[in-house]
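Colleague: Encoded as structure tokens, here's the structure I'll be asking about.
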Amino acid sequence: MQLLIPQWLLCLNHTTEVLENHAVLIQQDRILAIGPRDELLQSHPNAERIDLPGQVLMPGLINCHTHAAMNILRGAADDLALHDWLQTRIWPLEGELADAEFVYDGTVLAAAEMLQGGITTFNDMYFYPDQVVQAALDVGSRVFAGITVIEFPTRYAAEAKQYIELGIAARDKFKHENTVHWTIAPHAPYTVSDDTFRHMAMLAEELDLPVHCHLHETASEVSDAESRDGTRPFARFEQLGLINERLMAVHGVHLNEHELLTMAEKGATLVHCPASNLKLASGIAPVAKALKAGVNVVIGTDGAASNNKLDMWEEGRLASLLCKGASGDATAFSAGELLKSMTCNAAKALGADHLIGRIAPGLQADLITIAIGEAAHQLPNHNLVSKLAYSGASRDVKHVWVAGVQVVQSQQLVGKRAQLVGEIMRKTQRVWQTRVEKVG
């Protein structure tokens, strides 16, 4: 049993109230109690006391969309629009390189980067989900792994049926791991057939899982579908019964007002990835309109091959500023809304509000501390919520716990995690960089 005593406590239990002179009691993997510091010290005198002066304790951040293994492709496909990025660089590179070893190593690097930046949970879509999960377990992160389907052959699988079978087998293999969760992850409307979408929607209902899918990322995705099918991808999703509370629609750059209102009515989530959308020149998602319509808007970094960082502090700040600038409304996507989009609202999107995203009794102890006052950019502290939203940085993250286990201490990975990550970093410089360059 541990008693964490921060200077400030930000529970984000669907509010942005900041508490002082409070503490959080954790036992094994769960939060046992929250209360005034002196009362908890008196009622639990044998708990290990962990003082956190000059720090705010808050829920770990949740990255709602990434392709973690693509860390190995960081910088290998820059300054290209999405179609060229996929067709001329990413798919050829993956065709040559994306095997189980690639996925494990890339995910180790990504999980380490995310944990040290305060991201305790990532929602992944990639091949070899068993390797994604194993890497997350080895580094100490919580993961939502995708039962991913793309309807062309890869090193991982030859056809939709095999993708699904392999994904279900991976889910069964790790079913007893309490930091491993799953989504149904069809890649995109332009890479998955109606029959497969129907089957995956059925699986989502049967297994009670979210559906994690790219949707309306580019204008050409929409116009090509209209030319080919006579309908927009969103309308196709409606016909297939996919627009509901399970759907995590990634990007949504080219959603119109009717589609946003439908998403709000049906309880679907928009996963906003602003840096990737800007870098690939896909556009700016209509976040202000989505929020006004009542859509749950959450944040994802996308993969390092298109971002090129897995930094939720930067991603969140960019999301809020873009929303204000694009809408002409300085009050849009406020600091408090932003922090909730990366914690409690993200957990809701993943169907995990009962487990993560808040500091509340009974929830998993996925916690981070942020140093306030140790660097010039952190001062002064007139408004803690605004300070975190607009000037928070990965380098400010001091300590991280996942399911009650401390995985980052004083900004460094704890125990064997550091050794593993160091080995993969050296291997990346020695092996993966050469292999990527050989593909050309």
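What follows is calculated from the coordinates using simple rules that are stated; it is not laboratory data. Remember, predicted model here, so these are calculated numbers, not experimental data. Neighbour counts run over all protein chains shown; Cβ positions are idealised from the backbone, glycine included.
Colleague: Specify the residue that is nearest to GLU17 (Cα to Cα); the eligible residues are those in region 284-342 that are assigned to a loop (DSSP other than H, G, I, E, B), among the hydroxyl-bearing types (Ser, Thr, Tyr) and over 13 Å from the mean Cα position of the chain (by Cα).
Modeller: Once the filter is applied, the top-ranked residue is SER334.
Colleague: Also: Quick one: ARG142 ticks every box in (1) among the basic types (Lys, Arg); (2) in contact with a Gly (Cβ under 9 Å, 6 or more places away or on another chain); (3) within 29 Å of HIS83 (Cα to Cα) bar one, so which box is it?
Modeller: With (1) among the basic types (Lys, Arg); (2) in contact with a Gly (Cβ under 9 Å, 6 or more places away or on another chain); (3) within 29 Å of HIS83 (Cα to Cα) applied to ARG142, the lone miss is (3).
Colleague: Any idea which of (1) closer than 25 Å to LEU86 by Cβ; (2) crowded, with 22+ Cβ neighbours inside 10 Å is the one LEU260 doesn't satisfy?
Modeller: Checking LEU260 against (1) closer than 25 Å to LEU86 by Cβ; (2) crowded, with 22+ Cβ neighbours inside 10 Å, the one that fails is (1).
Colleague: Oh, and also: When you go through (1) in contact with a helix residue (DSSP H, G or I) (Cβ under 9 Å, 6 or more places away or on another chain); (2) touching a residue at least 24 places away in the same chain (Cβ under 8 Å); (3) assigned to a loop (DSSP other than H, G, I, E, B) one by one for GLY362, which number turns out not to apply?
Modeller: With (1) in contact with a helix residue (DSSP H, G or I) (Cβ under 9 Å, 6 or more places away or on another chain); (2) touching a residue at least 24 places away in the same chain (Cβ under 8 Å); (3) assigned to a loop (DSSP other than H, G, I, E, B) applied to GLY362, the lone miss is (1).
Colleague: So which residues in region 395-440 are farther than 30 Å from GLN27 by Cα, free of Cβ contacts under 8 Å to residues at least 60 places away in the same chain, of a type outside the set (Lys, Arg) and part of a helix (DSSP H, G or I), if there are any at all?
Modeller: Matches in region 395-440: GLY422, GLU423, GLN429, VAL431, GLN433, THR434, GLU437.
Colleague: Okay, moving on. For region 198-246, what are the residues that are of a type in the set (Asp, Glu), exposed (fewer than 13 other Cβ atoms within 10 Å of the Cβ) and assigned to a loop (DSSP other than H, G, I, E, B)?
Modeller: Of everything in region 198-246, just one residue is of a type in the set (Asp, Glu), exposed (fewer than 13 other Cβ atoms within 10 Å of the Cβ) and assigned to a loop (DSSP other than H, G, I, E, B), namely ASP208.
Colleague: Within region 202-241, track down each residue that is in contact (Cβ under 8 Å) with a residue 12 or more places away in the chain and polar (S, T, N, Q).
Modeller: THR218, SER220 - these are the residues of region 202-241 that are in contact (Cβ under 8 Å) with a residue 12 or more places away in the chain and polar (S, T, N, Q).
Colleague: Inspect region 328-341 for any residue being under 26 Å from LEU109 (Cα atoms), buried (at least 23 other Cβ atoms within 10 Å of the Cβ) and touching a strand residue (DSSP E or B) at 6+ places or on another chain (Cβ under 7 Å) and give the result as yes or no.
Modeller: Yes, there is a match, as at least one residue in region 328-341 is under 26 Å from LEU109 (Cα atoms), buried (at least 23 other Cβ atoms within 10 Å of the Cβ) and touching a strand residue (DSSP E or B) at 6+ places or on another chain (Cβ under 7 Å).
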